[in-house]
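Readers should treat all values here as calculations from the given coordinates under stated rules, not as data from a laboratory. Keep in mind that this is a model prediction, so the values were computed, not measured. Methodologically, a virtual Cβ is constructed for each residue, glycine included, from the backbone with ideal geometry; neighbour enumeration extends over all protein chains shown.
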Amino acid sequence: MSDPAGQASWAVRVSRPGGGWQVELLAADAGDELPVLERALGDPAAESWPGPFVVVVDSRLYFVVLRHGPGGLVRALISDATMQEWLLAAEVVERYGIAVDAEGAFDDDETGWPGGDLDVFADDGLPAEQLRPIVTADDLWADEMVAAIAARLGFADELASAVGP
C-alpha cells in the first residue's frame, strides 16, 4: 500500500456501495467550505446503512469526519478541536457545537484533543474506545491517523489510490 501522506491536504468521500469500499477524491486540498463537504454526503435516505462519510485532512495537522446520523443529522469528529486558527476547524467546531476546553485541552507536549462524535465509525466496527488511541497518538500526523483508521476498517488501498502521489 502506498502512503496517503503524498498530499498535505485532501478531502474524500468514502462509501460502501454493494459491500465494497469506494473512495472518491473530492478535493486535492482542504480549502473547500463546510457546506460543500456536507453536500458531498448526499441524501441520507438514498444510501444504505451505514452511509458514506467525508474525511478532510487539513495540512496534515488535523482531520474532520462528517457523516449522517439518525434522522439525517450530520455527525462530526475533529481530531484536534483546538485548531481554531484554521477556518475549517473553526467552522466544524461552531456548526456542530463541539466543546473545546482550551484551558485543559493540551497534554504535556501541547498536543490537542479530539472533539465531537468519537463513535462516528462504530457502525463500521470501530467504536470510540478503539478510535481514541488512534486520534490521540502524539506520534502520528492527521493523514497517518486516517490511514490507520482506513486500515482498521478495510479501505486503506482505496484511500491510498485516491490520495496517493
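Order of Thr82, Thr136 from fewest to most other C-beta atoms within 10 Å?
On the way: Thr82 20, Thr136 16.
Ordered by Cβ neighbours within 10 Å, fewest first: Thr136, Thr82.
Please tell me the relative contact order of segment 4-163 in percent, rounded to the nearest whole number, where contacts are Cα pairs under 8 Å and at least six residues apart.
Computed over segment 4-163, the figure is 23 percent.
Skipping prolines and chain starts, which residues have an amide H placed within reach, meaning under 5 Å, of the one on Gly69, given they are 5 or more residues away or on another chain?
Val74, Arg75
Please arrange Ser161, Ser9, Ser79 by counting, for each residue, the other beta carbons lying within 10 Å of its beta carbon, fewest first.
On the way: Ser161 14, Ser9 21, Ser79 28.
Neighbour counts put them in this order, fewest first: Ser161, Ser9, Ser79.
Test of understanding: what is the full-extension gain from Asp123 to Ala8, defined as 0.36 nm times their sequence separation minus their Cα-Cα distance?
Separation in residues times 0.36 nm, less the Cα-Cα distance, equals 38.6 nm.
According to a simple spin-label model (label point 7 Å from Cα along Cα-to-Cβ), what is the distance in nm between Arg95 and Glu33?
Taking the simple label geometry, Glu33 and Arg95 are separated by 1.0 nm.
Step through the residues of segment 79-88 one at a time and calculate ³J(HN,Hα) from phi using the Karplus curve (6.51 cos²θ - 1.76 cosθ + 1.60, θ = phi - 60°), rounding each to whole Hz and writing x for Gly and Pro.
Using θ = phi - 60°, the values come out as 5, 9, 6, 8, 7, 5, 6, 9, 4, 4 Hz.
List, in order, the whole-Hz ³J(HN,Hα) value for each residue of segment 117-131 obtained from phi through the Karplus relation with A = 6.51, B = -1.76, C = 1.60 and θ = phi - 60°; use x for Gly and Pro.
Each residue of segment 117-131 in turn: 8, 6, 9, 4, 9, 4, 5, 9, x, 10, x, 3, 5, 8, 6 Hz.
If I model a spin label as a point 7 Å beyond the Cα along the Cα-Cβ vector, how far apart are those points for Glu85 and Gln130 in nm?
With each label placed 7 Å out from Cα toward Cβ, I get 3.6 nm.
Just rank Asp139, Asp29, Asp80, fewest to most, by other beta-carbon atoms within 10 angstrom.
If I rank by nearby Cβ atoms, fewest first, I get Asp139, Asp29, Asp80.
Show the residues, 5+ positions off or on another chain, whose built amide H is closer than 5 Å to the amide H of Asp117.
Those lying under 5 Å, H to H, from Asp117 are Ala76, Leu77, Ile78.
Identify the residues of segment 68-89 with backbone N under 18 Å of a label point that sits 7 angstrom from the Cα of Gln22 along the Cα-to-Cβ direction, or state none.
Residues passing the 18 Å test: 68.
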